[in-house]
Structure formats: structure tokens, C-alpha cells
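Asks: Here it is, the structure, as C-alpha cells.
We did not get these values from a lab; they are worked out from the coordinates using the rules stated. Nothing here was measured: the structure is a model prediction, and the numbers come from that model. With ideal geometry, Cβ positions are generated from the backbone for all residues, glycine too; neighbour counts draw on all protein chains shown.
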Amino acid sequence: MRRVAIVAGGLAKFGVRQASYRDLISEAGKACFDNAENVSPKDIEGYIHSSTMPERFAFQTHVAPMGAETLGIKPSKMIQRVENLCASGSCAIRTAYMAIASGVLDVAMVLGVEKMNMPDPIEGFLHMAAAPDREWDSTQGLSAPGFFALVAKKHMREYGTTEEQLAMVSVKNHDNSTRNPLAQFTKPVTLEQVLGGRPIATPLKLLDCSAMTDGAAAIILASEERAREMTNKPVYIRGTGQAAGGNNLANVLGWTTWPALKTAAESAYKMAGITSADVDVAEIHDCFSISEIIEYEDLGFCEKGEGGSFIAAGKSGYGGEVVVNSSGGLLGRGHPFGATGIAQALEIFAQLRDEAGDRQVPGAKIGLTHNLSGMSTEHTILIYGRDQK
């Protein structure tokens, strides 16, 4: 298979936006092309559009052709939408990667977008009820906060994880997002603020939970030959893995261990020829503070049950063993479902090109992104590296 690299990328401002769904596409697309050194819309052969619930949030379907038209591109070899809930953006990148690696395409644009904030917030919450398995879970009242609260309780009971350690994840990620001008939240929070926040689902407080976010992100990928024509700083996809373990709560195995995550990580590490110890910077799925703690463990950054002490010892922060969610993560940067995986890739792209500004991880050479979807049953991982040639 051919090597594939990211050559450009751009992000729309995340947050509660007055911008429409189409406006967000335009903003991210313009930022992407502005970042491209030697790429124009006419170079794009394939367009992959990542969006989870546009039919509900934006009352718009057939969004891939609409997105391409908005961006002024005319894909000649591939155009499609990818939907896999919170992992949609990562799956869209994998789709483009496979098309280029196999020779179907040479150049592709991947754009993710979600317009989640509604005039009446209850509309958004109603739409979110479509995420769990309707017949098994959502009709029984289960929601994402409820599920992750149960996971947190079990992790606390099994391993002694504390509410303070959960809160430390939020403090760290909000601190990182203060250095990200395009993040939804750009003010720091204290441990006391997180612990004293409004209860959402015990033990999770408001600041333990990612917010409803409007936003978009875009990247351009190319084959190695084309990438070298387009930039002198390509960032290559070195490995990827994906696995799932059912959909509804009845099929969730382990609760505090996510077998599909471990399987996906093993596949990605093997393909990239690295171990978890080689990762310098990681953007992982902190939809709730407990998820980041479990992901430390199942990604191999620490032993099972040590996620709480890992964050408490500062091992996932600057100067630690691996810098996690330097962008602010879902808690700080925001979580517009279809755009999240692509925004993660953009952060790694910037880090590995030494272009992350105040967020720069010194000497970063290997980056990882991770997304989960559903009740932690599907996991998607991509590993990126600087060009070593």
C-alpha cells in the first residue's frame, strides 16, 4: 500500500455559534485551503463528509454533495458521507486513507461538521436520545451521562479512583484549551469549581461532561508522491486500528475495561511498528472525565486501575510521560460529533510540524488519536508520524 500524509488542515471556531451548518463548512474549508501551500480546490479528487445528525440538528440530508458545492470542489473519483456517531471524523479519515493507500485516489479532502445547539436546548437533548440503542437503552431512560456515571462508579469501587482525580482531567483539559483560540472554552477552571459544579449524573458534575458544540474541521490528505509536491512538512498516517463489541448496554463487556479499545490499539501499534511508550502526544476521547482515565489504561499508557493516579501524578500533562489532549480535548475544545476526530487529527498535524504555538509538545514525533462511539463499544485509532526520510 502507498504511504498517505496530511498536507493541510483548518478549523472553524468551536462553540455556540450563530453560524449555519453551511457557514461552518465554509469557515473550516477556507481555513484548510488557506493553510495549504500548493493545493487548490481543483486538486481534490475525493471528498469525505463526516456528520452525525444533520437530519435532526440542521434538517438537511444529502450533505456530502452540498458540502462539496459549498467548498467549490468537484470530486471526480469519490464522494460520500460517513456516520459513526462520535467516531465519525476518525472513520472519515480512515476511509480517505484507505482510498489513497489503495490507489483509488491521490488527493482527498475530509471535512467534519455538526450544528448541535438549537433554539430550545431540549431539542438537542431529544436528538441525542437517538444515539443509544432505542429499543434496548434509550426507551429505558439511559443516556450517555448516565452510562458513563455507572462506569465511573464501578471504576471507583474497583480501583479506588476518586472524584478529585476525575476533576483533575477537566482541570487539565480546560487549562490546555486556554491556549487554543478556536476552542469552545478558553478560561481555566479550578478543582474546586469542578467538584462544586452542578450534579449531572453522580459522580459526574457539569464540568466532567463535554458540551453541546457547533463546529467544523477539515484536512487534505495525499499520496506520498503528491504530498511531497504540496508541502515540505507532510505528516504521515503510520497505523490505524478499529474494533467494536456490540451496540446496546446488554453487550457492554467489562465496563471499566473496553476490550474493543485494546484490540484497536494493538492493531494500530503493530501497524505503526511502535508501542504505547513511543507516543509523545495523544488526542483521546474525553467525552466524560472517566473516559480519559480508562483510556490511559487501555491504550497502555499505564496499568489497569492506575488511571486515577496517572492523572494525579501529572503524567498526562506537559512534562509527563505523554501529553494528552493538548488541544483541550472534548471537555475544553468542544465536541461537535462529526468534526471531533478531524479536529484531533489537526492538533496532531500541528504538533508534529512544530506549529502548535503555546501548546507545542517539545520534540513531538509520534501522535495518536482515539475516538469511541456509543456505549464505549466501538473504538477507532490513528497513529501519525513525522516524515523520517
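Asks: Suppose only helical runs count, i.e. DSSP H with n ≥ 4. What mean residue ellipticity at 222 nm does that imply for the chain under -39500 (n - 2.57) per run, divided by all residues and rounded to the nearest 500 deg cm²/dmol? Numbers along the way, then the final one.
Replies: Values: 14 runs with 143 residues, N = 389.
Computed mean residue ellipticity for the chain: -11000 deg cm²/dmol.
Asks: Whole number please: convex hull volume per residue of the Cα set in the range 5-118, in Å³?
Replies: On the way: hull volume 10.5 nm³, N = 114.
Residue-normalised Cα hull volume stands at 93 Å³.
Asks: Could I ask something else about it? Taking the mean number of other Cβ atoms within 10 Å as a proxy for protection, how do you rank 321-329, 38-46 from highest to lowest?
Replies: Details: 321-329: 26.8, 38-46: 17.7.
The densest-packed peptide leads the list: 321-329, 38-46.
Asks: How far apart, in nm, are the 7 Å Cα→Cβ label points at D358 and S76?
Replies: The answer from the label model is 4.5 nm.
Asks: Still on this structure: For the chain, give the share of DSSP beta bridges that are antiparallel, in percent and rounded to the nearest 5; count only bridges with both residues there. Write out the running numbers ahead of the final one.
Replies: Numbers: 38 of 54 bridges.
Of those bridges, close to 70 percent are antiparallel.
Asks: Measure nothing fancy, just the Cα-based angle from helix 163-177's long axis to the longest principal axis of the chain, in degrees from 0 to 90, nearest 10.
Replies: Once rounded, the angle reads 30 degrees.
Asks: Moving to a separate point now. Simple spin-label model, 7 Å along Cα-to-Cβ: T139 to Y318 in nm?
Replies: It is 5.1 nm.
Asks: OK, next. Return a whole-number percent for the relative contact order of the chain, with Cα pairs under 8 Å and 6 or more residues apart as the contact set.
Replies: Working: 953 pairs, mean separation 99.0, N = 389.
Dividing the mean separation by the residue count of the chain yields 25 percent.
Asks: Next question, about the same structure. Would you mind checking the pairs K153/K187; K172/K233; K13/K187 and listing those with alpha carbons more than 27 angstrom apart?
Replies: Details: K153/K187 29 Å; K172/K233 29 Å; K13/K187 15 Å.
From the list (K153/K187; K172/K233; K13/K187), the Cα-Cα distance tops 27 Å for K153/K187; K172/K233.
Asks: Please list 3J(HN,Hα) in residue order for the range 9-26, calculated via the Karplus relation 6.51 cos²θ - 1.76 cosθ + 1.60 where θ = phi - 60°; whole Hz, with x for glycine and proline.
Replies: Once rounded to whole Hz, the list reads x, x, 10, 7, 4, 8, x, 8, 10, 7, 4, 7, 4, 5, 4, 5, 4, 4.
Asks: Rank I25, N84, A152 by how far each Cα sits towards the positive end of the charge dipole of the chain (+1 on Lys, Arg Cβ; -1 on Asp, Glu Cβ) and give me just the farthest.
Replies: Toward the positive end, the furthest listed residue is I25.
Asks: Could you give the length gained by full extension between T162 and A250, i.e. 0.36 nm per residue of separation minus their alpha carbon distance, to one decimal place? Before the final figure, lay out each step's value.
Replies: Working: separation 88, 0.36 × 88 = 31.68 nm, distance 2.65 nm.
Length gained, T162 through A250: 29.0 nm.
Asks: Something else: Nearest 10 degrees, 0 to 90: what angle lies between the long axis of helix 259-272 and the longest principal axis of the chain (Cα atoms)?
Replies: 40
Asks: Among A101, A313, A250, determine the one that fluctuates most according to a GNM of the chain built with springs between C-alpha atoms less than 10 Å apart.
Replies: Between A101, A313, A250, it is A250 that shows the largest mean-square fluctuation.
Asks: Now a separate question. Which option, [x] 175; [y] 121; [z] 131, is the value of volume of the Cα convex hull per residue in Å³ that was calculated from these coordinates?
Replies: Step by step, volume of the Cα convex hull per residue in Å³ for this structure corresponds to label [y].
Asks: Please compute the length gained on full extension between K365 and D120, using 0.36 nm multiplied by the number of residues separating them and subtracting their Cα-Cα distance. Before the final figure, lay out the partial values.
Replies: Values: separation 245, 0.36 × 245 = 88.20 nm, distance 4.42 nm.
Contour length minus Cα-Cα distance gives 83.8 nm.
Asks: Roughly what angle does helix 289-298 make with the longest principal axis of the chain, taking Cα atoms, 0 to 90 degrees, to the nearest 10?
Replies: Once rounded, the angle reads 70 degrees.
Asks: Please report the relative contact order for the range 288-389, taking Cα pairs under 8 Å with a sequence separation of at least 6, and give it as a percent rounded to a whole number.
Replies: Numbers: 92 pairs, mean separation 14.8, N = 102.
Relative contact order comes out at 15 percent.
Asks: Could you line up C209, C32 from fewest to most neighbouring Cβ atoms inside 10 Å? If you can, show how the numbers build up before the last one.
Replies: Working: C209 23, C32 26.
Lowest to highest Cβ neighbour count: C209, C32.
Asks: Only Lys, Arg, Asp and Glu count, each charged at its Cβ (+1, +1, -1, -1), so figure out the dipole size of the chain about its Cα centre, rounded to 20 debye. Can you show the working numbers first?
Replies: Details: 36 positive and 44 negative charges, 103 e Å.
The dipole of the chain has a size of about 500 debye.
Asks: Which residue, G308, G300, G89, tops the fluctuation ranking in a GNM of the chain built on C-alpha contacts under 10 Å?
Replies: Highest fluctuation among the options: G300.
Asks: Further question: So what's the gap between the Cα centers of the range 151-214 and the range 298-363, to the nearest angstrom?
Replies: Cα centres, the range 151-214 to the range 298-363: 15 Å.
Asks: Where the centroid of each part is defined by its Cα atoms, how far is the range 33-57 from the range 226-259 in Å?
Replies: 20
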